[in-house]
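Take a look at the structure set out below.
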Amino acid sequence: MSALPQPSETETRRTAMLRTAFDGPVGAALAAPDTIEILANPDGSVWVEKAGFGLRRASETLGRAERERIIRLVASSVGEVCDRASPIVSAELPGSGERFEGILPPVSEAPCFAIRKPAGQPIALDTYVETGALTPALCVGLRQALEDRLNIVVAGGTSSGKTTFANALLSEPALAEDRIVILEDTRELRCSAENVTQLRTHRSGITLRDLVRSTMRLRPDRIIVGEVRGGEALDLLKAWNTGHPGGITTLHANSASGALTRLEQLVEEATTALPHALIGEAVDVIVFMSRASGARRVEQALRITGFDGTEYRTEPLAAPFLNIVN
């Protein structure tokens, strides 16, 4: 077996410099296992979200020069240019994989960035039930949907727990015997199945649309997309509807029914003829996630039964959410 490629001296030095730059509130938050997200604002304040507690302001601040140094070091580590002409950096932190978004002037008033830690061990659906974030009836309904190879869209606002819940679905035994192909911009999804292939977009120009089309030749049983946010929605719906059922994806929306409207908007980026019937046929279940006071829960799940020419036919997947336990 050939040895794994070793990082170059330059890469090692850049990583060491970046870790040194993270000394202080950011480094402490990165090291904490319960940290979800770290935000450094243009005013120097640092905000940290920890599991179950929501965003809280750190006692320490981060100076302008420190914030800019971090952004430039991250850009350098992934080979990106970062200056006034290219003031936005989207990357993964080298070695550990945290999602990083850094912004410099003139886009922002002063340097600012956000770091999203990758998901740890997936939370089981049973744990969602135990904490009151999912009703037992909905848990049964979702497990049956996975068994029946229904296509599931997990919708919600920013940081509502969409990806974490998608990981919970991917850890279910119903997927264990299938060949799973996962497509993402940033590696956040984890699947416990044995036969898994994960593909990522690339700054060279490889988009999610490219990956969805390529995936059709990889013999997938289920196609999973980390998040649809563009014209790839049309390609995914076609794939789901032509012999590849049982897929999962996430998208931003403000309600379960609003997820259908959002899908229409995304599909319109790829075609002028809006395929309502395709959406009604390809999407089987919409799970809507919400967040209140740092607690995330499944607020609603709809079963989509088609499009009648005027509107989508929907019904509750199970009994509505009745109790909230933080």
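Below are the figures for this structure:
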| quantity | calculated |
| --- | --- |
| Residue check, GLU66 among the acidic types (Asp, Glu) and modelled with pLDDT under 90 | no |
| Scan of the stretch 175-189 for residues that are surrounded by fewer than 19 Cβ atoms within 10 Å (Cβ to Cβ) and not in a strand (DSSP E or B), ordered by number | ALA176, GLU177, ASP178, ASP185, ARG187 |
| Residue pairs meeting the criteria (Cβ under 6 Å; at least 6 apart or on separate chains; first in contact (Cβ under 8 Å) with a residue 12 or more places away in the chain and assigned by TED's automatic domain parsing to the domain that holds GLY230, in the stretch 170-199; second of a type in the set (A, V, I, L, M, F, W, C) and surrounded by fewer than 16 Cβ atoms within 10 Å (Cβ to Cβ)) | VAL181/LEU218; ALA193/ALA176 |
| Scope the stretch 264-279; condition in contact (Cβ under 8 Å) with a residue 12 or more places away in the chain and over 9 Å from LEU234 (Cβ atoms); matching residues | GLU264, HIS276, ALA277, ILE279 |
| Residue within the stretch 30-40 that is of a type in the set (Gly, Ala, Ser), touching a residue at least 24 places away in the same chain (Cβ under 8 Å) and under 14 Å from ALA114 (Cα atoms) present | yes |
| Among (1) surrounded by 17 or more Cβ atoms within 10 Å (Cβ to Cβ); (2) at pLDDT 85 or above, the one test that PHE22 misses | (2) |
| Subset of the stretch 29-50 (residues that are over 24 Å from VAL107 (Cβ atoms) and surrounded by fewer than 16 Cβ atoms within 10 Å (Cβ to Cβ)) | ALA31, ALA32, PRO33, ASP34 |
| Neighbours by Cβ (under 7 Å, 6+ apart or cross-chain): first from the stretch 58-81, over 23 Å from SER45 (Cβ atoms) and β-branched (Val, Ile, Thr); second at pLDDT below 90 and assigned to a strand (DSSP E or B) | VAL78/ALA91 |
| Criterion violated by CYS112 - all others in (1) surrounded by fewer than 23 Cβ atoms within 10 Å (Cβ to Cβ); (2) assigned by TED's automatic domain parsing to the domain that holds ARG64 satisfied | (1) |
| Index of the failed condition, GLU184 passing every other in (1) over 11 Å from the mean Cα position of the chain (by Cα); (2) within 21 Å of SER214 (Cβ to Cβ) | (1) |
| Residue list for the stretch 212-236, restricted to those being aliphatic (A, V, I, L, M) and closer than 21 Å to CYS191 by Cα | VAL212, MET216, LEU218, ILE223, ILE224, VAL225, VAL228, LEU236 |
| Identity of the residue in the stretch 240-257, surrounded by 23 or more Cβ atoms within 10 Å (Cβ to Cβ) and of a type in the set (A, V, I, L, M), that ends up nearest to CYS191 (Cα to Cα) | ILE248 |
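The values are calculated or read from the model by the stated rules, or taken from the named source; none is laboratory data. The structure presented is a predicted model; accordingly, all values stated were derived computationally and were not measured. Positions of Cβ are generated from backbone atoms using ideal geometry, with glycine treated the same way; all protein chains shown enter the neighbour counts.
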